[in-house]
1. Only Lys, Arg, Asp and Glu count, each charged at its Cβ (+1, +1, -1, -1), so figure out the dipole size of the chain about its Cα centre, rounded to 20 debye.
2. Simple spin-label model, 7 Å along Cα-to-Cβ: Glu33 to Ser152 in nm?
3. Largest first and in whole Å, give the semi-axes of the chain's equivalent ellipsoid, each being the square root of 5 times a Cα gyration tensor eigenvalue.
4. Which lysines, on any chain, are close to Lys403 with Cα under 29 Å apart, when same-chain ones fewer than 8 places away are left out?
5. When the Cα centres of the stretch 15-61 and the stretch 310-384 are compared, how far apart do they sit, in Å?
6. Can you run phi through the Karplus equation (6.51, -1.76, 1.60; θ = phi - 60°) for the stretch 102-113 and list ³J(HN,Hα) in whole Hz, with x for Gly and Pro?
7. Considering the dipole of the chain built from charges on the beta carbon (Lys and Arg +1, Asp and Glu -1) around the Cα centre, which of Ala285, Cys172, Pro141 is farthest to its positive end?
8. So for the chain: antiparallel DSSP bridges make up what percent, rounded to the nearest 5?
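The values are calculated or read from the model by the stated rules, or taken from the named source; none is laboratory data. These numbers come from a predicted model, not from an experiment. Cβ coordinates were reconstructed from backbone atoms using ideal geometry, including for glycine residues, and neighbour counts include every protein chain displayed. We work out accessible area using only protein heavy atoms, side chains counted, and drop any ligands, DNA or RNA first. Shrake-Rupley method; radii C 1.70, N 1.55, O 1.52, S 1.80 Å.
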Amino acid sequence: MNAPDPRHALYTVDQVRALDRHAIEVLGIPGFELMRRAAAAALACLRRRWPQARRVAIWCGPGNNGGDGYLLGVLAREAGMLVELVAASGKAAGDALRARTAFEFAGGRVHLLEDMAAWPEVDVHVDALYGSGLNRAPDLPVAELIERINSSGRPVLALDVPSGLDADLGVCPGSAVRATTTVCFIAAKRGLYTGVGPDVVGKLELDTLQLPDALWESQPPAALLLRPDALPPRHRSAHKGDSGHLLVVGGEQGMAGAIRLCGEAALRAGAGLVSVATQIGHVPALNAGRPELMAHGVSGPQALEPLLERADVLAVGPGLGQAAWGHALWLTSLDSGRPLVLDADGLNLLAREPRRFDRAAVLTPHPGEAARLLGTDVATVQSDRFAATRELAGRFGAVVVLKGAGSLVAHPDGRLAVCPWGNPGMGAGGMGDVLTGVIGALLAQGATAWEAACLGVGLHARAGDAAALEGERGMVAGDLMAPLRRLSNGLAAHA
Ligand SMILES: NC(=O)C1=CN([C@@H]2O[C@H](COP(=O)(O)OP(=O)(O)OC[C@H]3O[C@@H](n4cnc5c(N)ncnc54)[C@H](O)[C@@H]3O)[C@@H](O)[C@H]2O)[C@@H](O)CC1
Ligand SMILES: [K+]
């Protein structure tokens, strides 16, 4: 097996434990040495991020995460910092106790949370309370401490995982530290990247503690992190027929915006031809606003048939509605056997009339649509986004994109990818329509469903990040078009 690049590989917490064990038992690197390296990586991060910091508070828990904190305390004192170290919960044991002893032996003083008289006024807080071993919501004294750290107005460096975050699932069972920066050790835990993970992690740095390639060969990652890819360059002799013909089906009365955005995004992501099948009343506005789209008014399935004949790929659902018109078009589209991307009401209709796909198909639900497809609620979907996405892919025989912070992509064969880009400005109307258009365009240009979903999600999120440079608030879906075009061509997002 080739060693996966650890910067693009994500692991479950159980897998990270297995990697730790492998490093200790097979590669012969003692656990305490790993802890020392983690502390050195933490100090390097601290000094790089806050070169002026002189006073630090280090909040240590009872496990090895706390151990990292004690050893950081040793190194920070050696570097001339004023260290206020507080043991916050439970008794240290094993390597953590050894680390605490080393801190005290070097002249450091350990304060106990319960005895703390005054709140330490420091430049940076270091969170070494809980790491990958979190097994329940932090209980009261620590939960209060976490809230206090969060409201201190000071930057927070989290060691390995922001305490309170379940690093496996990307959920917080209770209070959680909101880190400014998290320095993650050995391997990237998958929960840092999805759900509420990105909310609490802040800027994420990975330090692999100088472990050799042999370690990564011992464990296939649970998921891959998307890379900033673009489409391959076009042949000089290419013509519009080489880049595929996408048909967008949607736009019930009053929903013209969704198809316009979807179609336009498909053009910007390089589809050769984009047709739109919609309510007749929308055609003049589409023709006037975006004449490159071939807009067709369809009253029902009969009018749709010839358009389906000419299309290579379908994007079904933007603004489609679930009434008789939308349902009839949905049914005819799915029965055509064309590769497709299904979104919005296309998914809601699928929840009503489930079927498995035997062709290239991409489903792009947000958590609400995913819940309807699975017959459950949003909270259950969000409590394990990985499991929900996998379940959907298996059940429908399609590549599934679960949208929301840290979008996930799952293939029915078990492959999983996580998107590290995107921002809250993208929680606005029309953003999903843009994604559907991009994925449809990539399918039309010959990508497989997996490639189209992964590349499409990445391009869409990176275009969103480029648009957000002008401010997240007030961002509209149309702002993504220009960066989308540039990124699709492998150019920087801005000229
Ligand atoms: N050899 C290794 O395994 C290495 C581990 N490292 C550090 O060790 C961490 C994992 O260490 P551990 O497995 O000891 O786990 P943690 O240090 O994350 O926490 C586990 C301890 O906290 C307690 N605990 C968990 N959740 C609690 C809660 N909500 N309220 C109260 N107590 C709670 C547990 O009972 C246990 O005593 C990593 O995150 C990383 O920081 C690093 O030092 C690198 C090497
Ligand atoms: K921590």
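1. Details: 45 positive and 50 negative charges, 152 e Å.
Computed about the Cα centre, the dipole is about 740 debye.
2. Calculated label separation equals 3.3 nm.
3. Here the semi-axes work out to 49, 21, 20 Å.
4. Partners found: Lys189, Lys203.
5. Answer, in whole Å: 46.
6. 4, 5, 5, 4, 7, x, x, 10, 9, 8, 9, 4
7. Ala285
8. Values: 9 of 59 bridges.
The answer is about 15 percent antiparallel.
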